[in-house]
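The values are calculated or read from the model by the stated rules, or taken from the named source; none is laboratory data. Only a predicted model underlies this, so the values are computations on that prediction, with no experimental measurement involved. Using ideal geometry, Cβ is built from the backbone for each residue, glycine included, and neighbour counts are taken over all protein chains shown. Surface accessibility is based on the protein's heavy atoms, side chains included, excluding ligands, DNA and RNA. Shrake-Rupley method; radii C 1.70, N 1.55, O 1.52, S 1.80 Å.
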Amino acid sequence: MLTSSENPEHKQTDAKYVWHPFTSLKETAPIMIEKAQGVNLITPDGREIIDAISSWWVNLHGHCHPYISQAVAEQALSLEHVIFAGFTHQPAVKLVERLKELLPASMERFFFSDDGSTSVEVGLKMAIQYWYNKGEKQRRKIIAWDGAYHGDTFGAMSTGERNAFNEPFKPFLFDVVHLPFPDGNNHDDIIKMFTSEVASGEVASFIFEPLVQGAAGMRTYPAELLDNLIEIAHKHGVLCHADEVFTGFYRTGKMFAIDYLQHKPDIISLSKGLTGGYLPMSITVCSGCLAQEFNNKDKFKTFWHGHSYTANPLACAAANASLDLLIDEGCIDQIKMIERKHRAFAPTIKHFKKVKDVRVLGTILAVELKTEEGTSYFNNLREHIYDHFIARNILLRPLGNVIYMVPPYVISKEQLEHIYNEIREYLK
Ligand SMILES: *Cc1c(COP(=O)(O)O)cnc(C)c1O
C-alpha cells in the first residue's frame, strides 16, 4: 500500500505548482522527504540521506530532536500565538533573559522578526533611524564587504554582492560602499579606505559577516582586522552591525563569532540556528546606547516596524529548548570533536591536484576546488558535485566550486569519517 507521501501524483503536483527557493523552474524534481531523524533525511521508501549542511545551516541538534519536539508540542497546547504589540509572553521573556547573558553586556534591546533577511533589514533601519533621531540625517551610507550576503529582501540585497541573484533589481538597490575582501596583502589599503569613509561623517553603519562569509563560499578572514575596523568605526561614531545569522550558536566554535573580538558591535542579527532549525525566527539585538535614541514620546522617533508573527511562542519555545541543549557539556564536546576531526582531515586532501584551498573554522569545513572558470556560485561544477554526493546519500550543496560541511552537532565520528572518505574519493 502506498503511504500518502509515496503518491506519485504529489510529485506531479509539486513539479507543476510549487516554486522552490533558489531553483530554476527547469530543474529536475526534488526529493520527497517523509521523516528525519538525527543527521538523516528519510524518503518514503526508506532511503536515508545524511544532511551534512544542516538543511541550509539551521539545524543544530539533528532533526526531530525529542527534547525540542516535546517543548514545541507542549507550548502548542498552552499558547500558540499572540499579537506582540501590547502583549508579551513567558517564552519570549525567558529567551531574551538567556540571550542577554550570552551576548556582550552592552546589548540591551531585543527586536524579534522572522528570518535572517528581516533581521538584517531591522538592523539597517535601526541604524538609519538612529541618526535620523539624532538629527544627523546626512549619515546615510552603509559600508559592507565585497562578496557579502545578508539576505534577499531589498535592504539586505543592497548590502550584498551585486551578482546574477539580484541583477534584475539593481536599479532599485541603494548605494553601498563595498570594501575589498581581505586577501592577506591588502589590509593596509582596506584600513585606509575604511578610515576615510567613516571619517566623512556620512556613514550610518558598517555591516559584516564576522570572520566568515557563508554564501560567498565559506571565505574566512582574520578577527584582528575586523577588530581593528570596529575600533576605527567607533572612534568616528559609526555603528557596527554583526550579521551572525549563519555564524551564531557555535558554528565557528564559539557561541558567537564576535566572541573572537575585543571590540563589540552595536547591532547583532541572529537567526538560522536560533530555533535549532525548527521554526523561522530571528532577533536583532542592539546596544543600550542605540536604543536610547528611540526612548522618546515623539511619534517620529518611534521604530515603526513589525511583523504579524513577531516572537511566535512556538518558535521561542524551540529556541529555549535549543539553548538548553547547546549549553550542555555534551554538546560543547561534540562541537570540539567536529572541529578536531575537520582539522585532522584537512591536511589529508590539501595536496590533491583538484584542491585549491581547505578551510576550517569551528564546525565549518570548506574545500575550494581549482577551476578554470574562477570561484563563483554559478561554477559548472556545482550541479555535478551535488548529484555525485546525492547519489551516495550525502547532502552536500556546494557553493559553486566550494564543497563545504556544516553538520548538525549530533553527528558521530563514524558519520564524519564516512563523509570525509566520500569527499576524498571524489577528489581523487
Ligand atoms: C542566510 C543568511 C541570511 C538570510 O537569512 P534568511 O533566513 O535566509 O532570510 C542573512 N545573512 C547571512 C549571513 C546568512 O547566512
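Just the residues that are assigned to a helix (DSSP H, G or I) and either more than 16 Å from the ligand (Cβ to nearest atom) or open to solvent by less than 20 Å² (accessible area, probe 1.4 Å) (or both), please, taken from region 94-117. Break it down into steps so the answer makes sense when it comes.
Filtering region 94-117 down to residues assigned to a helix (DSSP H, G or I) leaves 94-102, 116-117.
Residues satisfying the conditions are Lys94, Leu95, Val96, Glu97, Arg98, Leu99, Lys100, Glu101, Leu102, Gly116.
Report the residue count in region 353-372 for those that are more than 15 Å from Gly217 (Cα to Cα) and open to solvent by 30 Å² or more (accessible area, probe 1.4 Å).
Qualifying residue count, region 353-372: 3.
Can you spot a residue in region 250-259 that is open to solvent by 20 Å² or more (accessible area, probe 1.4 Å) and under 28 Å from Arg140 (Cβ atoms)? Walk me through how you get there before you give the answer.
Let us first name the residues in region 250-259 that are open to solvent by 20 Å² or more (accessible area, probe 1.4 Å), namely 250, 253-254, 259.
Filter again for under 28 Å from Arg140 (Cβ atoms), leaving none.
Looking for residues that are open to solvent by 20 Å² or more (accessible area, probe 1.4 Å) and under 28 Å from Arg140 (Cβ atoms), one finds none in region 250-259, hence no.
Out of (1) in a helix (DSSP H, G or I); (2) open to solvent by less than 50 Å² (accessible area, probe 1.4 Å); (3) of a type outside the set (Gly, Ala, Ser), the odd one out for Arg340 is which?
(2)
Within the group Gly151, Gly123, which residue is within 11 Å of the ligand (Cβ to nearest atom), of a type in the set (Gly, Ala, Ser) and in contact with a helix residue (DSSP H, G or I) (Cβ under 7 Å, 6 or more places away or on another chain)? Let's see the steps before the verdict.
Numbers: Gly123 fails: in contact with a helix residue (DSSP H, G or I) (Cβ under 7 Å, 6 or more places away or on another chain).
Being within 11 Å of the ligand (Cβ to nearest atom), of a type in the set (Gly, Ala, Ser) and in contact with a helix residue (DSSP H, G or I) (Cβ under 7 Å, 6 or more places away or on another chain) holds for just one of Gly151, Gly123, which is Gly151.
Every residue, every condition in (1) farther than 14 Å from Cys240 by Cβ; (2) touching a strand residue (DSSP E or B) at 6+ places or on another chain (Cβ under 7 Å); (3) not in a helix (DSSP H, G or I), yes or no:
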site	(1), (2), (3)
Gly123	no, yes, no
Gln129	yes, no, no
Tyr132	yes, no, no
Ile142	no, yes, yes
Phe169	yes, no, no
His178	yes, yes, yes
Gly184	yes, no, yes
Ile190	yes, yes, no
Glu197	no, yes, no
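Just one of the numbered conditions (1) touching a residue at least 60 places away in the same chain (Cβ under 8 Å); (2) touching a Leu at 6+ places or on another chain (Cβ under 7 Å); (3) open to solvent by less than 10 Å² (accessible area, probe 1.4 Å) is not true of Leu226; which one?
Here Leu226 clears every test but (1).
Taking Asp357 and the conditions (1) modelled with pLDDT of 95 or more; (2) assigned to a loop (DSSP other than H, G, I, E, B), which numbered condition does it fall short on, given that it satisfies the others?
Asp357 satisfies every listed condition except (2).
So is Lys272 open to solvent by 50 Å² or more (accessible area, probe 1.4 Å), out of contact with any strand residue (DSSP E or B) (no Cβ under 8 Å at 6 or more places or on another chain) and under 17 Å from Asp114 (Cβ atoms) or not?
Numbers: open to solvent by 50 Å² or more (accessible area, probe 1.4 Å): yes; out of contact with any strand residue (DSSP E or B) (no Cβ under 8 Å at 6 or more places or on another chain): yes; under 17 Å from Asp114 (Cβ atoms): yes.
Judged against the criteria, Lys272 is a match.
Quick one: is Phe303 within 30 Å of Gly86 (Cα to Cα), at pLDDT 95 or above, in contact with a Phe, Trp or Tyr (Cβ under 9 Å, 6 or more places away or on another chain) and away from the ligand (no atom under 16 Å from the Cβ)? If you could, list the steps in order and put the result at the bottom.
Details: within 30 Å of Gly86 (Cα to Cα): yes; at pLDDT 95 or above: yes; in contact with a Phe, Trp or Tyr (Cβ under 9 Å, 6 or more places away or on another chain): yes; away from the ligand (no atom under 16 Å from the Cβ): yes.
So Phe303 passes the test.
Mind counting the residues in region 198-213 that are surrounded by 23 or more Cβ atoms within 10 Å (Cβ to Cβ) and within 14 Å of the ligand (Cβ to nearest atom)?
Qualifying residue count, region 198-213: 6.
Could you please let me know if Pro91 is open to solvent by less than 30 Å² (accessible area, probe 1.4 Å) and more than 19 Å from Thr247 (Cβ to Cβ)?
Details: open to solvent by less than 30 Å² (accessible area, probe 1.4 Å): yes; more than 19 Å from Thr247 (Cβ to Cβ): yes.
Yes: the conditions hold for Pro91.
Please determine, by comparing only the residues of region 12-37 that are open to solvent by 100 Å² or more (accessible area, probe 1.4 Å) and aromatic (Phe, Trp, Tyr), which one is farthest from Ser412 (Cα to Cα). Walk me through it before giving the result.
From region 12-37, those open to solvent by 100 Å² or more (accessible area, probe 1.4 Å) are 12, 16-17, 19, 25-26, 28, 35, 37; that's our starting set.
So of that shortlist, the ones also aromatic (Phe, Trp, Tyr) come out as 17, 19.
Values: Tyr17: 38, Trp19: 34 Å.
The residue in question is Tyr17.
Do we have any residue at all in region 285-298 that's within 16 Å of the ligand (Cβ to nearest atom) and either open to solvent by less than 10 Å² (accessible area, probe 1.4 Å) or under 22 Å from the mean Cα position of the chain (by Cα) (or both)? Explain how you work it out, then say what you get.
Kept after step one, since they are within 16 Å of the ligand (Cβ to nearest atom), are these residues of region 285-298: 285.
Those left that are additionally either open to solvent by less than 10 Å² (accessible area, probe 1.4 Å) or under 22 Å from the mean Cα position of the chain (by Cα) (or both): 285.
Yes, region 285-298 contains a residue that is within 16 Å of the ligand (Cβ to nearest atom) and either open to solvent by less than 10 Å² (accessible area, probe 1.4 Å) or under 22 Å from the mean Cα position of the chain (by Cα) (or both).
Looking at region 38-51, is at least one residue in contact (Cβ under 8 Å) with a residue 12 or more places away in the chain, open to solvent by 70 Å² or more (accessible area, probe 1.4 Å) and of a type outside the set (D, E, K, R)?
no
Mind counting the residues in region 375-416 that are assigned to a helix (DSSP H, G or I) and out of contact with any Lys or Arg (no Cβ under 8 Å at 6 or more places or on another chain)? Outline the logic, then answer.
Step one: filter region 375-416 for residues assigned to a helix (DSSP H, G or I), giving 381-391, 413-416.
If we keep only those that are out of contact with any Lys or Arg (no Cβ under 8 Å at 6 or more places or on another chain) too, we end up with 381-385, 387-391, 414-415.
Residues flagged as assigned to a helix (DSSP H, G or I) and out of contact with any Lys or Arg (no Cβ under 8 Å at 6 or more places or on another chain) within region 375-416 amount to 12.
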